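Engineer: Once you've had a glance at the structure underneath, I'll fire off some questions.
We did not get these values from a lab; they are worked out from the coordinates using the rules stated. Not measured: the values here are computed from a predicted model. Note that we place each Cβ from the backbone using ideal geometry, even for glycine, and neighbour counts take in every protein chain shown.
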Amino acid sequence: MLYKMKKAGFEKDIQGADNMKKILFVAVSMLIALCAGHAMAAKAGLERHTLEYGGMTRTYWVHDPRALHKTAGKGPRPLVVVLHGGGGKAEKFDVMTGRDASFDTLADKEDLLIVYPQGFDKQWNDGRGVENIKPQEMGLDDVGFLSALIDEMLKTGNVNPKRVYATGPSNGGFMSNRLACDLADKIAAVGIVIAAMPVKLKDKCKPAAPVSVLIMDGTADPLVPYKGGVVQVFKHTKPRGAVHSAHETFDFWLAQAGNDKGGKSVPAKMLADADPKDKTRITLQDYKGKDAEVALYSVIGGGHTWPGGRQYLFEFLVGRTSHDLDATRAIWDFFKRNPKR
């Protein structure tokens, strides 16, 4: 009797485990379907192109509202180069931002040309000098590639040369920072999100012209430390370069804009708490110089995430997503008021 009871209990456990497997299978299947559907939706408004540069075939995706909606437009328009983060895919950038806060949606409203370049091995040579990131180990000329891509867009995309911008999160944010250093003659402004000035790049960064710079960092970012230090994906993984703090990065770009007094001279304004449930607040320090504007959004309690975007990974891995600000719109508003002067 005892044996039968144990056996019955065992069979019940097996049945429970089988049910759990079925539930997991259904959940995973739904997730795959959602991801596939999302990928299809993302590609519907994108056009794939290639560019030969440095002996390599480089890929980029274009979202052109005028071609998509068959409108004539109103002359040359702004170009926004959107750079994916490490391990990302250019055509799936809105996995982080979400569709409502995507650059595609913004472009349709504002008549912008958006280009999403693809990094080699899903990474950028952003100036950190990390040996375990292939483009950085190879010394790949990503600055040259992106410069050539901008030239191509100026030639074929009816782009206003005074309104060329670049932005991105993490590895894409670091690369945007590097473009402000090395392509200041072409780029009017950059948006650096969850990234900062690499220690190895700072002394080499000598912009040829003023560049407006927006920085947006989370104080509780577990990957890119707000207070500066070593970038790590997770504890006990190989370090991915050393970076200056958000405030040191702010100070650097302030000096380029003509403010040698540093961030302490720029008062911080607390933004409205649009979503009290997200447990974050945002402060803004904004300096408008003669030839450039520099802004620092500090997301208090924010993680390695895009404000106003999706919680694309679990909070315990990347930290919280703030919903007190639509980062995509804030970046565009910053770009819009900062053409090349």
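Engineer: Pick out the long, greasy-scoring helices in the chain: whole DSSP H runs spanning 15 Å or more along their own axis by Cα, mean Kyte-Doolittle at least -1.0.
Structural biologist: Taking the DSSP H segments of the chain (at least 15 Å long, mean hydropathy at least -1.0), we get 2-44, 142-156, 171-182, 246-256.
Engineer: Now for a different question. By a straight-distance test (C-alpha under 20 Å), which aspartates and glutamates pair with LYS264 as possible cross-link partners, with residues fewer than eight away in the same chain excluded?
Structural biologist: Within reach: ASP217, GLU248, ASP251, ASP286, GLU293.
Engineer: Still on this model: Enumerate the amide H contacts of ASN160 below 5 Å, restricted to partners 5 or more residues apart or on another chain; note that Pro and chain-start residues carry no placed amide H.
Structural biologist: Placed amide hydrogens put ARG77, LEU79 under 5 Å from ASN160.
Engineer: Mind running the shape call on region 95-166? Use the C-alpha gyration tensor, a ≥ b ≥ c as the square roots of the eigenvalues: rounded below 1.5 for a/c, prolate if a/b tops b/c, oblate otherwise.
Structural biologist: Judged from the Cα gyration tensor, region 95-166 comes out oblate (a/c at least 1.5, b/c at or above a/b).
Engineer: If amide hydrogens are placed 1.01 Å from N in the peptide plane, which non-local residues have theirs closer than 5 Å to the one on ILE282?
Structural biologist: Here the answer is LEU271, ILE300, since their amide H atoms fall under 5 Å of that of ILE282.
Engineer: State to the nearest 20 debye the size of the charge dipole of region 150-204 about its Cα centre, where the only charges are +1 on K and R beta carbons and -1 on D and E beta carbons.
Structural biologist: Once rounded to the nearest 20, the dipole reads 100 debye.
Engineer: On to the next question. Give the residue list of chymotrypsin sites (Phe, Trp or Tyr not before Pro) in region 183-286 that are DSSP loop and have at most 13 other beta-carbon atoms within 10 angstrom.
Structural biologist: Taking region 183-286 and a limit of 13 other Cβ atoms within 10 Å, the loop chymotrypsin sites (Phe, Trp or Tyr not before Pro) found are PHE234.
Engineer: Summing -39500 (n - 2.57) over the DSSP H runs of n ≥ 4 in the chain and dividing by its residue number, what mean residue ellipticity at 222 nm do you reach, to the nearest 500 deg cm²/dmol?
Structural biologist: -10500 deg cm²/dmol
Engineer: Per residue and in Å³, how big is the convex hull formed by the alpha-carbon atoms of region 132-248?
Structural biologist: Looking at region 132-248, the number lands at 105 Å³ per residue.
Engineer: If you take the beta carbon distance between LYS269 and ARG341 as r and set R0 to 30 Å, what does 1/(1 + (r/R0)^6) give as a FRET efficiency, to the nearest 0.05?
Structural biologist: 0.80
Engineer: Now for a separate question. Could you go through region 312-326 in sequence order and give the Karplus-derived ³J(HN,Hα) for each residue, using 6.51 cos²θ - 1.76 cosθ + 1.60 with θ = phi - 60°, rounded to whole Hz, and x for Gly and Pro?
Structural biologist: 6, 9, 4, 4, 5, 9, 10, x, 7, 9, 7, 10, 8, 7, 8
Engineer: Under 5 Å between amide H atoms, partner at least 5 residues away or on a different chain: which partners does SER322 have, H built in plane at 1.01 Å?
Structural biologist: GLY303, GLY308
Engineer: Let me ask another. Which of LYS70/LYS109; LYS70/LYS340; LYS134/LYS200 have a Cα-Cα distance over 26 Å?
Structural biologist: Checking Cα-Cα distances, LYS70/LYS340 exceed 26 Å.
Engineer: Given springs between every Cα pair under 10 Å in a Gaussian network model of the chain, which of LEU106, LEU83, LEU296 has the largest fluctuation?
Structural biologist: It is LEU106.
Engineer: Among TYR116, TYR287, TYR312, which one moves the most in a GNM of the chain with springs linking Cα atoms closer than 10 Å?
Structural biologist: Highest fluctuation of the listed residues: TYR312.
Engineer: Out of all DSSP beta bridges with both ends in region 243-341, state the antiparallel percent to the nearest 5.
Structural biologist: Approximately 90 percent, going by the DSSP bridge assignments.
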